[in-house]
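Asks: The structure is given below, and queries will be raised subsequently.
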Amino acid sequence: QIALNAVAVIELTRLVLPGMLARGSGHIVNVGSILGYVAGPPLAVYSATKSAVQGFTDGLRREVLGRGVDVTLVTPGAVQGTAVLDRAGGVAEGSPVDVGFDVTGVGPESVATAIREVLEHPGWVTARARSVPRVVGLSRLGTVPRVGRPVDEGTRLLRDRAGRLS
């Protein structure tokens, strides 16, 4: 996961960015996840890789600011059909991740549409980051300490509830 989700993003960017900077134009779109903002069990490693993508994208955007290259992060919620949960060993019914997939699940076509939209409208202030669906952008609040504590408690309660359902 680390090689594919984080290292590959950085290496591919390293290969294409010099040409974009030389031309003074281009657009890099990286795909993160809301789990990059708020990690959910049992996906701690996956969450760490998507957090790395988010940090890299934010930093890169600031490095190339004013040089003709746009950099955007697309952060989907749960994407149906990606088998992330299966690769993580599955999750208990009613667990935080299971509930999250039910609430935020979108099809891959929704992610593709968001990517197309940011590419068609470079320079939009909202093009710095685009959540899919937009409501999952609220997950960024989970990184704020006063909000993170209730998120932790909610996760614990959901985990306990899932344990009772199993």
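The values are calculated or read from the model by the stated rules, or taken from the named source; none is laboratory data. Please read these numbers as outputs of a predicted model, since none were measured by experiment. Cβ atoms come from the backbone with ideal geometry, glycine included; neighbour counts cover every protein chain shown. These area figures cover heavy atoms from the full protein model, side chains too; ligands, DNA and RNA do not enter into them. Shrake-Rupley method; radii C 1.70, N 1.55, O 1.52, S 1.80 Å.
Asks: Residues that are aromatic (Phe, Trp, Tyr), under 30 Å from residue 15 (Cβ atoms) and either at pLDDT 85 or above or open to solvent by 40 Å² or more (accessible area, probe 1.4 Å) (or both): does the stretch 96-115 have at least one?
Replies: No - not one qualifying residue is present in the stretch 96-115.
Asks: Only one of 38, 9, 29, 53 is assigned to a loop (DSSP other than H, G, I, E, B), hydrophobic (A, V, I, L, M, F, W, C) and buried (at least 16 other Cβ atoms within 10 Å of the Cβ). Can you tell me which?
Replies: Among 38, 9, 29, 53, only 38 is assigned to a loop (DSSP other than H, G, I, E, B), hydrophobic (A, V, I, L, M, F, W, C) and buried (at least 16 other Cβ atoms within 10 Å of the Cβ).
Asks: Could you please let me know if residue 85 is touching a Lys or Arg at 6+ places or on another chain (Cβ under 8 Å) and either under 20 Å from residue 51 (Cα atoms) or modelled with pLDDT under 85 (or both)?
Replies: no
Asks: Does residue 2 satisfy the condition of being surrounded by fewer than 17 Cβ atoms within 10 Å (Cβ to Cβ), farther than 28 Å from residue 105 by Cβ and either under 14 Å from the mean Cα position of the chain (by Cα) or touching a residue at least 24 places away in the same chain (Cβ under 8 Å) (or both)?
Replies: no
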